[in-house]
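Let me begin by presenting the structure, written as structure tokens, before commenting on it.
What follows is calculated from the coordinates using simple rules that are stated; it is not laboratory data. It should be emphasised that the depicted structure is a prediction, and the values quoted were computed from it without experimental measurement. Glycine gets a Cβ as well: all are built from the backbone with ideal geometry, and neighbour counts include every protein chain shown.
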Amino acid sequence: MTVEDQTWAAQAKCRGTGDALFVPAPDQKEMRLFCADCPVRTECLAEALDSRMEWGVWGGKTERERRQILRRRPDVKSWKRALVGP
């Protein structure tokens, strides 16, 4: 994680929760609601998509939802640029 990435992560609603959002798949839909009002949800999702995170809830999206996004848009080279901007 770069210094810039750490800046948004420090603002995340989940900071300090450890592995609380890394629950089994059946519980992920409920946990994603936790992210609904996070001020850096978009940045988090972009990081997860760019890093191909396989586990947990990131940016309010479950593992399955993120895989669907990646399959629908294989042309995207940088999710950070696509979702957050330069």
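What FRET efficiency, computed as 1/(1 + (r/R0)^6) with R0 = 22 Å and r the Cβ-Cβ distance, is obtained for ARG67 and ALA20, rounded to the nearest 0.05? Kindly include the intermediate steps, with their values, before the conclusion.
Details: r = 22 Å, r/R0 = 0.99.
The value I calculate is 0.50.
Using Cα positions and a limit of under 20 Å, work out the lysines in reach of LYS80, with same-chain residues fewer than 8 apart set aside.
Straight-line reach from LYS80, under 20 Å: LYS13, LYS61.
Looking at the chain, which GluC sites (Glu not before Pro) are DSSP coil and have at most 14 other C-beta atoms within 10 Å of their C-beta? Before the final figure, lay out the partial values.
Details: sites: GLU4, GLU30, GLU43, GLU47, GLU54, GLU63, GLU65; in loops: GLU54.
Here the sparse-neighbourhood loop sites are GLU54.
Taking the Cβ of PRO39 as the centre, find all other residues whose Cβ is under 12 Å away and add up their charges (Lys, Arg: +1; Asp, Glu: -1). Walk me through the intermediate numbers first.
Details: positive: LYS13, ARG15, ARG41; negative: ASP37, GLU43.
Net charge in that neighbourhood comes out at +1.
Where does the charge balance sit around PRO24 when Lys and Arg score +1, Asp and Glu -1, over other residues with C-beta under 13 Å from its C-beta?
Residues close to PRO24 contribute a combined charge of -2.
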